[in-house]
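Asks: Got a structure for you, questions after.
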């Protein structure tokens, strides 16, 4: 049996938009990233072409979960675009976005497959975007790949990713909302159904299957340091270490 | 050698006077040593008093001092500390012998470091003009100043390189095709600030020109290449403006970056 692992992503950007049931000119967004959106991001990074359903299938089979670290605000854009070349007005549409949201998305599956996807994220064939081409991520998407960890472990222990200004203004919530797929042994009694299981990204004929999603909560893990060692430098720590060694 | 730390009470007027003028802070630090007279001029290669201000939060300003003698910062506590809290057990600052750390340095050791320095070079703007001292103003040049191989060799350390898989930028590229350290080193440049202050009031009511010192705070990781040279660096400082809070290099244990540990 091949080993399983998880790949952890941080989805943060000024705007994100994750549609699961959008039709025609009203383009809505879910309040958390959809599986089709994130699998699409990974597939794009790996260079899988739109119609290549056989290469997409193993990615779509990954187990998916997402944690809402910073919910963001939903904004509506009344879209009155004109054609770039002819100037003809395009259909009026309403587009919904999540502004200033941060999510942790985790995919669980075969470790070898995830290794390939992890490498692809670092040197993507097509650049990643957050649900819509006009929504680039503001920070590197990659948060790491872990062997022999489960989806639940990753969602429980990945540091709280809320941005610095958000952490300054808000206290850490008691719990963070997690939307994930059920395990094989778990019953899906209280699950929601969402049509975001990608079957084909073919431009001419996109297809999505239904997927069950359970909503749970995890206690808020400690936030990650802001990456820089700024402000944490303590020259006395070196002296303390020496004394501890001697004791 | 001793390492001391003093937390400045930023609510006090005395603290504001000291924090607003490196000249005043230098005088206050130097007054902590009864053996140093104001008329003394330090030997060029003797250990000297070095100090640095670290600001972590708005009201968390720490003064670090490295000195050959044990300092008495009582006057600083009285002007810019918490004198009523200070007692015989807790004088209001901490001082520890620095020798255990200095003796322990060995080639190949890795340390996290912090340095506030005054990176400068000399330029001649046109032919025949004398060379003029000029501050490095952009992070690329400031990094280049510290990363200079000759300088690192002289200082006794080498700034660590990042592992290739943690670099986010290819090295050595700018859109002007200038050499550029890129994301190659474990080095960050923070807090470029330009200190402008009056050194003294000239006689006859005329004010001398302000002193302008550009300071930069470097943080990163280093590897010891020459323990003796690094010992000298730690006790004598790096670069110019050492009287104005520049040049003090401090080391801290390397902490592993915190990863999510699912």
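Asks: Mind telling me which of A:96, A:78, A:201 comes out most flexible in a GNM of chain A, alpha-carbon contacts under 10 Å?
Replies: Among A:96, A:78, A:201, the largest mean-square fluctuation in the Gaussian network model of chain A belongs to A:78.
Asks: Let me ask something else. Out of all DSSP beta bridges with both ends in chain A, state the antiparallel percent to the nearest 5.
Replies: Once the DSSP bridges in chain A are tallied, antiparallel ones form about 95 percent.
Asks: Work out, step by step, the length gained on full extension between residue B:46 and residue B:62: first 0.36 nm times the residue separation, then minus their alpha carbon distance; give nm to one decimal.
Replies: Gain on extension, residue B:46 to residue B:62, equals 3.2 nm.
Asks: If you project the alpha carbons of chain B onto the principal axes, what extent comes out on each, in Å, largest first?
Replies: Largest first, chain B extends 59, 54, 36 Å along its Cα principal axes.
Asks: Oh, and also: With each run of n ≥ 4 DSSP H residues scored as -39500 (n - 2.57), what mean residue ellipticity at 222 nm is computed for the protein assembly as shown after dividing by its residue count and rounding to the nearest 500 deg cm²/dmol?
Replies: -6000 deg cm²/dmol
Asks: Just grab the label-to-label distance for residue B:137 and residue A:3, each label 7 Å out from Cα along the Cβ direction, in nm (one decimal).
Replies: 5.3
Asks: For the pair residue B:86/residue B:69, report the inter-label distance in nm, with labels modelled 7 Å from Cα in the Cβ direction.
Replies: About 1.7 nm, to one decimal.
Asks: Okay, moving on. How big is the Rg/Rh ratio for chain A, C-alpha atoms only, Rh by Kirkwood, two decimals?
Replies: Using Cα coordinates only, the ratio equals 1.03.
Asks: Mind giving me the nanometre distance, one decimal, between the label points for residue B:210 and residue B:103, set 7 Å out from Cα along Cα→Cβ?
Replies: Roughly 4.7 nm, to one decimal.
Asks: Roughly how many Å is it from the Cα centre of the range A:127-195 to that of the range B:145-162, as a whole number?
Replies: Cα centroid to Cα centroid, the span is 41 Å.
Asks: In peptide A:236-245, how many Cβ atoms from other protein chains are near each Cβ within 10 Å, on average?
Replies: Working: counts 8, 5, 12, 9, 2, 5, 6, 2, 0, 2.
Mean shielding by partner chains, rounded to a whole number: 5.
Asks: Still on this structure, please answer the following. Report the relative contact order of the range B:2-98, percent, no decimals, based on alpha-carbon pairs under 8 angstrom and at least 6 residues apart.
Replies: With pairs under 8 Å counted, the relative contact order is 46 percent.
Asks: What is the calculated FRET efficiency for residue A:55 to residue A:88, with r their C-beta to C-beta distance and R₀ = 41 Å, to the nearest 0.05?
Replies: Computed FRET efficiency for residue A:55 and residue A:88: 0.65.
Asks: May I have the extent of the alpha carbons of the range A:1-101 along their three principal axes, as whole Å values ordered from largest to smallest?
Replies: Reported extents, whole Å, longest axis first: 57, 33, 21.
Asks: I need to check one value: relative contact order of chain A, counting alpha carbon pairs closer than 8 Å and at least 6 residues apart, in percent.
Replies: Details: 506 pairs, mean separation 69.9, N = 247.
Over chain A, the number comes to 28 percent.
Asks: Give me a single rounded figure for B:247-253: the average over its residues of other chain Cβ atoms within 10 Å of their Cβ.
Replies: 4
We did not get these values from a lab; they are worked out from the coordinates using the rules stated. Just so it is clear, the model here is predicted, and its values are computed rather than measured. No Cβ is skipped: glycine too gets one built from the backbone with ideal geometry, and neighbour counts run over all protein chains shown.
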